[in-house]
Amino acid sequence: MNFLSVNDIGPLDAAVKEALEIKANRFAFKHLGENKTLLMLFFNSSLRTRLSTQKAAMNLGMNVMVLDVNQGAWKLETERGVVMDGDKVEHLLEAIPVMASYCDIIGVRAFAGLKDKKEDYEERVISQFVKYSGRPVFSMEAATRHPLQSFADLITIEEFKTKPRPKIVLTWAPHPRALPQAVPNSFAEWMNATGYDFVITHPEGYELAPEFAGNARVDYDQARAFEGADFIYAKNWSAYSGPNYGRVLSTDRSWTVDSAKMALTDNAFFMHCLPVRRNMIVTDDVIESPRSIVIPEAANREISAQTVLKRMLESL
Ligand code: CP
């Protein structure tokens, strides 16, 4: 079993039910991980993913190894055919089977480079781990998706919702640097797989890839999109379309989520995957308000990771 997208988790209601059972008794499956080793490999920085996934693995009785590729390990070349006369001294094609020989399950974080859309959307790095490791592989955020985050988001919405079909609004918000589309892509993919009323709002030019936006309603008017919302999910992303791929087109702070915008909603909960830049994405008062659920959302990262790891261990 690999876990790279919503398609790898089966029916969502069963996955959430299992996650909530695990949350209620998180040490019940400690025997599953005995003498099993998880390797977590980071090409990019992390706080939540690193700690929550390690905690999830420890709850399951696993041994855990963490490698930061760009800090202390040999720099890895990821493209085949490159003349390796630069700063990269080892190729992924040797490194993958070597690392796989030391572990039973591999987690990989490898963000989009945002320079070459084709390379990013082909998932050139994590797909090589799937192909060459001979081990179950899970995404700890790849170029186009962040499924452990989206699963934690879904668990959180299920815990906090007060109606069967809540209105969920994914809103773009400003940020000074170009960020990948992985979190919004993934969130859209997971929300489209539920029966929720799902709306995406962003300035023109920030359209997500059609395979991720799916049938979600897109509204370029943020205020109108917020009307009647039960959950506001804020995130910045860079442009996807055409020659603007990977670029910042706007840092318009009229898109920052503030209390006036939240007042348009149906007393919505505020969500963000974190880390978040305050007073760019969201104002202090909104993120500190009683309706902000960013901390329980982050805490559920342990639960989403543990549910996925449990299933992987059961399928070894
Ligand atoms: N949300 C999330 O993935 O956080 P980190 O980048 O800190 O892991």
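Only the coordinates and a few stated rules stand behind these numbers; no lab work does. Small disclaimer: the values here were computed from a predicted structure and weren't measured. Note: ideal-geometry Cβ built from the backbone for every residue, glycine included; neighbour counts use all protein chains shown.
Measuring from a point 7 Å past the Cα of Val82 along Cα-to-C-beta, which residues in the stretch 43-66 have an amide N at less than 14 Å?
The answer is 43, whose backbone nitrogens lie closer than 14 Å to the label point.
Based on DSSP H runs of at least 4 residues, each adding -39500 (n - 2.57), what is the mean residue ellipticity at 222 nm of the chain after dividing by all its residues, to the nearest 500 deg cm²/dmol?
-10000 deg cm²/dmol
About the Cα centre of the chain, how large is the charge dipole given +1 on each Lys and Arg Cβ and -1 on each Asp and Glu Cβ? Please answer in debye to the nearest 20.
On the way: 36 positive and 40 negative charges, 87 e Å.
Around 420 debye, computed over the chain.
Taking Cα atoms, how many degrees apart are the long axis of helix 294-314 and the longest axis of the chain, rounded to 10 and kept between 0 and 90?
40
Which far-off residues, 5 or more places away or on another chain, put their amide H under 5 Å from the one on Ile105, with H placed in the peptide plane?
Thr37, Leu39
To the nearest 0.05, what FRET efficiency results for Glu314 and Ala260 with a Förster distance of 35 Å applied to their C-beta separation?
Working: r = 48 Å, r/R0 = 1.38.
Approximately 0.15, to the nearest 0.05.
Please list the three semi-axes, largest first and in whole Å, of the ellipsoid equivalent to the stretch 103-184, using sqrt of 5 times the eigenvalues of its alpha carbon gyration tensor.
Values: eigenvalues 152, 78, 16 Å².
Rounded to whole Å, the semi-axes are 28, 20, 9.
I'd like the Karplus ³J(HN,Hα) series for the stretch 139-145: coefficients 6.51, -1.76, 1.60, θ = phi - 60°, whole numbers in Hz, and an x wherever there's a Gly or Pro.
7, 10, 4, 9, 5, 10, 8
Arg50: net charge of surrounding residues, Cβ under 15 Å, Lys/Arg +1, Asp/Glu -1, itself excluded?
With Lys, Arg at +1 and Asp, Glu at -1, the neighbours total +1.
Could you tell me which residue out of Ala216, Met262, Leu274 lies farthest along the dipole of the chain toward its positive end? Charges go on the beta carbon: Lys and Arg +1, Asp and Glu -1, centred on the Cα centre.
Leu274
Which residues does the label zone of Glu122 cover in the stretch 72-87, counting backbone N under 20 Å from a point 7 Å along Cα→Cβ?
Output list for this probe position: 76-84.
Choose one answer from Asp13, Asp153, Asp219: the residue with the largest mean-square fluctuation in a GNM of the chain with alpha-carbon springs under 10 Å.
Highest fluctuation of the listed residues: Asp13.
When the chain is fully extended, how far beyond the present Cα-Cα distance does Arg217 get from Ser101, taking 0.36 nm per residue of separation?
37.2 nm
Please list the non-local residues whose amide H lies under 5 Å from the amide H of Val282, H modeled 1.01 Å from N, same-chain partners needing a gap of 5 or more.
Under 5 Å from the amide H of Val282: Val257.
Roughly how many whole Å is it from the C-alpha centroid of the stretch 176-255 to that of the stretch 1-80?
27
Under the rule of at least 5 residues apart or a separate chain, name every residue whose amide H is placed under 5 Å from the amide H of Ala229.
Asp266
Find the percent of Cα-Cα distances in the stretch 148-297 that exceed 27 Å, and round it to a whole number.
Considering the stretch 148-297, 12 percent of its Cα-Cα pairs are separated by more than 27 Å.
Please report, in whole Å, how far the alpha carbons of the stretch 162-251 spread along each principal axis, starting with the longest.
If we take the Cα atoms of the stretch 162-251, the spans are 40, 25, 17 Å.
Students often get this wrong: which residues of the stretch 279-296 have the backbone nitrogen under 12 Å from the point 7 angstrom along Cα-to-C-beta of Phe160?
Residues 287-296 qualify, since their backbone N sits under 12 Å from the label point.
With point charges of +1 on the Cβ of Lys and Arg and -1 on the Cβ of Asp and Glu, referenced to the Cα centre of the chain, which listed residue (Ile287, Ile105, Asn2) lies farthest in the positive direction of the dipole?
After comparing all options, I get Ile105.
Spin-label point model (7 Å from Cα, Cβ direction): what's the Arg177 to Ser45 distance in nm?
0.6
Counting pairs of Cα atoms in the chain, how many percent are more than 37 Å apart?
Value for the chain (Cα pairs over 37 Å): 16 percent.
Using Cα pairs closer than 8 Å and at least 6 residues apart in sequence, work out the relative contact order for the stretch 148-297, in percent.
On the way: 284 pairs, mean separation 40.6, N = 150.
It rounds to 27 percent for the stretch 148-297.
Normalising by the residue count of the stretch 77-183, find the relative contact order in percent from Cα pairs under 8 Å and 6+ residues apart.
It comes to 26 percent, rounded to a whole number.
Relative contact order of the chain, please, whole-number percent, based on alpha carbon pairs below 8 angstrom and at least 6 residues apart.
Averaging sequence separation for qualifying contacts and normalising by length gives 20 percent for the chain.
Once both axes come from the Cα atoms, what is the angle between helix 182-192 and the longest principal axis of the chain, in degrees from 0 to 90, rounded to 10?
So the inclination is approximately 70 degrees.
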